[in-house]
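Working notes for the structure below.
The values are calculated or read from the model by the stated rules, or taken from the named source; none is laboratory data. Computed from a predicted model, the values in this text were never measured in an experiment. No Cβ is skipped: glycine too gets one built from the backbone with ideal geometry, and neighbour counts run over all protein chains shown.
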Amino acid sequence: MQSSLTSTPALLVTGGSGLVGSRVTRGLLERGARVVVADDLSAGGPDRLTTIEEAACLRRVDVSAPGAFSDLLQREGPFDTIIHLAARVGVRRVLSDPEGCRREHLDACSGLIGALAACDRVPRIISASTSEVYCESSRPLNEKSPVRSTHGTGRWAYAASKRAVELALDEASSRDAWPVAPLHLRLFNVVGPDQDAGSGMVLPTFVRCALMGEALPVHGSGDQVRTLGHVRDVAGDIVRLALGCERPVGALNLGGDLRCGVLELATRVAQLAGRDLSCLQHVDPTQTLDPRFEEVQHRVPDLTRARALGLADHRRNLDEVIGECLQWAEQETLRTCASPAS
């Protein structure tokens with residue numbers, strides 16, 4: 001019999017060993033849910049789940065592979081909710097193979113829709129989209145702001161595929177009369193301890209460079225505006241959305257309210273790491289990162305809808321977030337140095 005949210009909720013979390021997914025998994029388990037994690041560990045690892053792996057069932061699987069979702073639903077279900085977070089993470093990884101990124105996202109979406117067609121009762125779908133679906137704007141972006149085409153290439157293949165997934169899930173929901181329409185989480189600049197600098201994310205890149213004694217690479221003038229949200233806050237909001245009584249649908253912005261310029265962010269990282277500001281280096285990302293790189297100048301979320309749902313009530317300041325990331329990275333460096341050579 002299909003489980004009910006009035007008893008023990010059952011959830012499938014794809015990408016559940018990633019930065020956000022591991023915190024979501026932990027939060028769900030702390031609330032008494034049954035959780036199955038599906039992850040190929042390409043952007044995360046079992047280390048993020050070591051303290052909860054006995055409680056969460058981890059299935060190492062690439063959900064973009066043919067039949068992967070059908071097998072998960074048949075073997076591990078039924079589920080009340082599927083939280084689909086699996087994706088290629090970071091601009092560096094996207095630029096290494098933009099069309100491969102697009103295929104992964106679209107194949108996973110197609111597999112999910114096909115698997116749901118065979119379900120007696122379709123679970124609720126909460127799917128991670130991205131703030132990059134929005135067109136460039138100097139104003140705060142709300143859920144009705146203009147969005148990009150589904151045909152973007154290069155750096156924008158990620159955003160284009162995420163927008164295509166939104167549309168495909170909405171179309172399947174309408175066509176097949178799902179009990180609850182999907183919820184698309186448009187995530188803004190989620191940061192926190194153990195975020196991978198290798199993916200090209202700005203804060204962990206600055207943190208790694210600051211601790212390694214390297215120059216902090218500031219793209220262009222550094223006037224670009226970002227709005228950061230701590231991963232625990234964002235993951236907590238996703239848990240509340242998954243287990244709460246309200247079931248919003250459509251697009252929903254999630255993130256924090258720590259607005260800063262990129263140069264300001266680099267400056268604070270350097271200062272908190274005890275580095276002289278001469279370590280800041282202005283670079284051309286088309287030369288240091290990839291010739292196809294295109295910069296986002298201004299990314300600020302309008303979180304009105306999230307706050308109306310009782311979400312996005314974050315109370316951390318920028319220095320606290322940076323300090324936590326620096327402390328984790330320092331401890332990780334010490335741990336790695338202390339580990340015996342393999």
Q.
Looking at the structure I just gave you, is residue 320 under 20 Å from the mean Cα position of the chain (by Cα), at pLDDT 95 or above, farther than 28 Å from residue 136 by Cβ and assigned by TED's automatic domain parsing to the domain that holds residue 211?
A. no
Q: For residues that are in contact with a Pro (Cβ under 7 Å, 6 or more places away or on another chain), in a helix (DSSP H, G or I) and at pLDDT 95 or above, scanning just region 158-204, find the one that is surrounded by the most Cβ atoms within 10 Å (Cβ to Cβ).
A: 169
Q: Search region 69-93 for residues that are free of Cβ contacts under 8 Å to residues at least 12 places away in the same chain and in a loop (DSSP other than H, G, I, E, B) and pair each with any residue that is buried (at least 24 other Cβ atoms within 10 Å of the Cβ) and aliphatic (A, V, I, L, M) when their beta-carbon atoms are under 9 Å apart and the residues are at least 6 apart or on different chains.
A: none
Q. Among 133, 191, 122, 218, which is the only one that is among the β-branched types (Val, Ile, Thr) and in contact with a Lys or Arg (Cβ under 8 Å, 6 or more places away or on another chain)?
A. 133
Q: Tell me which residues, restricted to region 100-131, are among the acidic types (Asp, Glu) and either assigned to a strand (DSSP E or B) or modelled with pLDDT under 95 (or both).
A: 120
**Q.** Residues satisfying the stated conditions in region 233-253, i.e. in contact with a strand residue (DSSP E or B) (Cβ under 9 Å, 6 or more places away or on another chain) and among the basic types (Lys, Arg)
**A.** 247
Q.
Condition first: part of a helix (DSSP H, G or I) and under 18 Å from residue 262 (Cα atoms). Now tell me which residues in region 313-329 satisfy that.
A. 318, 319, 320, 321, 322, 323, 325, 326
Q: Kindly list, by first and then second residue, each pair from a residue in region 190-212 that is in contact (Cβ under 8 Å) with a residue 24 or more places away in the chain to a residue that is among the polar types (S, T, N, Q) and surrounded by fewer than 19 Cβ atoms within 10 Å (Cβ to Cβ), limited to pairs with Cβ atoms under 7 Å and residues at least 6 apart or on different chains.
A: 211/333
Q | Test for residue 63: is it of a type in the set (Val, Ile, Thr), modelled with pLDDT of 95 or more and farther than 19 Å from residue 234 by Cα | A | yes
Q. In the list 334, 272, 277, which residue meets the criterion of being in contact with a Leu (Cβ under 8 Å, 6 or more places away or on another chain) and of a type outside the set (Val, Ile, Thr)?
A. 272
Q. Of the residues 64, 42, which is in the same structural domain as residue 178 (by TED's automatic domain parsing), of a type in the set (S, T, N, Q) and closer than 27 Å to residue 193 by Cβ?
A. 42
Q) Quick one: is residue 241 in contact (Cβ under 8 Å) with a residue 12 or more places away in the chain, under 27 Å from residue 293 (Cα atoms), out of contact with any Gly (no Cβ under 7 Å at 6 or more places or on another chain) and crowded, with 22+ Cβ neighbours inside 10 Å? A) no
Q) How many of the residues making up region 299-308 are touching a strand residue (DSSP E or B) at 6+ places or on another chain (Cβ under 9 Å) and either exposed (fewer than 15 other Cβ atoms within 10 Å of the Cβ) or charged (D, E, K, R) (or both)? A) 4
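Okay, residues lined up against (1) surrounded by fewer than 17 Cβ atoms within 10 Å (Cβ to Cβ); (2) in the same structural domain as residue 90 (by TED's automatic domain parsing); (3) at pLDDT below 95; (4) within 30 Å of residue 184 (Cβ to Cβ):
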{"residue": "270", "(1), (2), (3), (4)": "no, no, no, no"}
{"residue": "273", "(1), (2), (3), (4)": "no, no, no, no"}
{"residue": "278", "(1), (2), (3), (4)": "yes, no, no, no"}
{"residue": "281", "(1), (2), (3), (4)": "yes, no, no, no"}
{"residue": "289", "(1), (2), (3), (4)": "no, no, yes, yes"}
{"residue": "310", "(1), (2), (3), (4)": "yes, no, no, yes"}
{"residue": "325", "(1), (2), (3), (4)": "no, no, no, yes"}
{"residue": "329", "(1), (2), (3), (4)": "no, no, yes, no"}
{"residue": "333", "(1), (2), (3), (4)": "yes, no, yes, no"}
Q: Given the conditions (1) surrounded by 15 or more Cβ atoms within 10 Å (Cβ to Cβ); (2) of a type in the set (Val, Ile, Thr); (3) more than 19 Å from the chain's Cα centre (by Cα), report the number of the one that residue 296 does not fulfil.
A: (3)
